[in-house]
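The values are calculated or read from the model by the stated rules, or taken from the named source; none is laboratory data. For clarity, every value in this text was computed on a predicted model and none was experimentally measured. So basically every Cβ, Gly included, is an ideal-geometry build from the backbone, and we count neighbours across all protein chains shown. Note: accessible area is taken over every heavy atom of the protein model, side chains too, but ligands, DNA and RNA are not part of it. Shrake-Rupley method; radii C 1.70, N 1.55, O 1.52, S 1.80 Å.
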Amino acid sequence: MIQKIEQLLAEIENLQAGNAEELEALRIKYLSKKGAINDLMADFRNVPAEQKKEVGMKLNELKTKAQERINTLKETFANQDNGTNELDLTRTAYPIGLGTRHPLSIVRNEIIDIFARLGFSIAEGPEVEDDLHVFTKLNFAADHPARDMQDTFFIEQNAEDVTKNVILRTHTSSVQVRGMESIPEPPIRILCPGRVYRNEAISYRAHCFFHQIEGLYIDKNVSFTDLKQVLLLFAKEMFGNETKIRLRPSYFPFTEPSAEMDISCNICGGKGCAFCKHTGWVEILGCGMVDPNVLEASGIDSKVYSGYAFGLGVERITNLKYQVKDLRMFSENDIRFLKEFESAN
Ligand code: DAH
């Protein structure tokens, strides 16, 4: 038996095949069920017990070598361009996994579309801003708590003069200021989407960066009624025609009067649920009439012009629309989460 194995080993080392058919014939001869190696395997039970170990090892070696040799020959055929293997242009392409838009982009675009129909155009400003645009020109007093280390990320801090600080913008209201500065004369009707930063501990309900959209309209005779109608239309377009709004008096340094707007909770339809803390209402934005000081600070005559402004959080609107319960999901880029928005693209 050992002799037979040795002989086959020698044969196998020198195997040659001219084409795929010859190779297949060799495979059948040696490795198939009825091949030479299997025949030997069948005879193995007749080997005397004291030789079993040696013969068994040899037999295994033979089987591996045969397989290796056949595979090597197969590879040489595969790598050979023998003229019959040309590129098949009729073959169906492999599917390509398409990306999906991020939920925040989907919602931002939806918001922009609604306001674009009302004549708002897009304006953008830098994320690294000076104090002047984020605070001073928006009527924040020098000692206003929002300038505090708690909220603001500082890039450069000036001990003598806070207006010289360079910071990461804490709201997109800074782009209102840039918008007002950049035009010679109103009217101005802009929508400013962008990322903002606040020095907060990250949790399911707070993040150190998020997204806002700021709206600004300045013209002659702009009134609070105009603001309310525009916001009502927005709420209905965004959350459905049955949506109600309510405006609560509030305070922002840059608007007077100021308000916060709630919409009837679109999750429970205003009946009360965990999301709206059983009140039936959820807050979605801040707004008001632009404070005359803000107009004047950017060179607009507040005796001739008036305007309104509003600012909303894109994450908040997205949470309401899609009931995302953990803010961190938006920045983790988990493909399973992102794929859930495939149909909304
Ligand atoms: N900037 C405010 C914030 O970050 C939001 C805001 C409130 C913007 C009232 C406005 C406004 O334009 O009028 O919370």
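Positive contributions from Lys and Arg (+1) and negative ones from Asp and Glu (-1), summed over other residues with Cβ under 11 Å from the Cβ of L312, come out at -2. Between the listed residues L295, S306, A93, the Cα displaced farthest toward the positive end of the dipole of the chain, a dipole computed from Cβ unit charges relative to the Cα centre, is found at A93.
By the combined test of axial Cα extent (at least 20 Å) and Kyte-Doolittle hydropathy (mean at least 0.5), the qualifying DSSP H helices of the chain come to 224-239. Highest GNM mean-square fluctuation among F330, F44, F310, for the chain modelled with Cα contacts below 10 Å: F44. Taking Cβ atoms as reference points and 10 Å as the exclusive limit, the residues near F254 contribute a net charge of -1, counting Lys and Arg as +1 and Asp and Glu as -1.
Rolling a 1.4 Å probe over the protein heavy atoms gives the chain an accessible area of 57 Å² per residue.
Here the accessible area of the stretch 201-330 is 52 percent carbon and sulfur, with a 1.4 angstrom probe and all protein chains present. Its Cα centre serving as origin, the stretch 265-340 has a Cβ charge dipole (Lys and Arg +1, Asp and Glu -1) of approximately 440 debye.
Over the chain, all Cα pairs binned in 20 Å intervals from 0 give whole-percent P(r) values of 23, 34, 10, 18, 14, 1, listed from short to long.
Quick check on the stretch 195-322: take the gyration tensor over C-alpha atoms, sort the square-rooted eigenvalues as a ≥ b ≥ c, and tell me if it's rounded (a/c under 1.5), prolate or oblate. Oblate, since a/c reaches 1.5 and b/c is not below a/b. In terms of packing, defined here as the mean over residues of other Cβ atoms within 10 angstrom, the peptides 209-219, 298-308, 1-11 line up highest first as 209-219, 298-308, 1-11. Under the convention that each Lys and Arg Cβ holds +1 and each Asp and Glu Cβ holds -1, the size of the dipole of the stretch 103-344 around its Cα centre is about 1000 debye.
Placing unit charges on the Cβ atoms of the charged side chains and taking the dipole of the chain about its Cα centre, the candidate lying farthest along the positive direction among Q51, M238, I122 is Q51. Within the shell of other residues whose beta carbon sits under 12 angstrom from the beta carbon of Y217, the net charge comes to -1, with Lys and Arg scored +1 and Asp and Glu -1.
Toward the positive end of the charge dipole of the chain, with +1 on the Cβ of Lys and Arg and -1 on the Cβ of Asp and Glu, the farthest Cα among M1, N319, I188 is that of M1. In the chain, the calculated helix contribution to ellipticity at 222 nm averages -11000 deg cm²/dmol per residue, counting -39,500 (n - 2.57) for every DSSP H run with n ≥ 4. Legend note: in the chain, cysteines whose Cβ sits 4.7 Å or more from every other cysteine Cβ are C192, C208, C287. Take the Kirkwood radius over Cα pairs of the stretch 289-345, plug it into Stokes-Einstein at 20 °C and 1.002 mPa s, and you get 146 µm²/s for translational diffusion.
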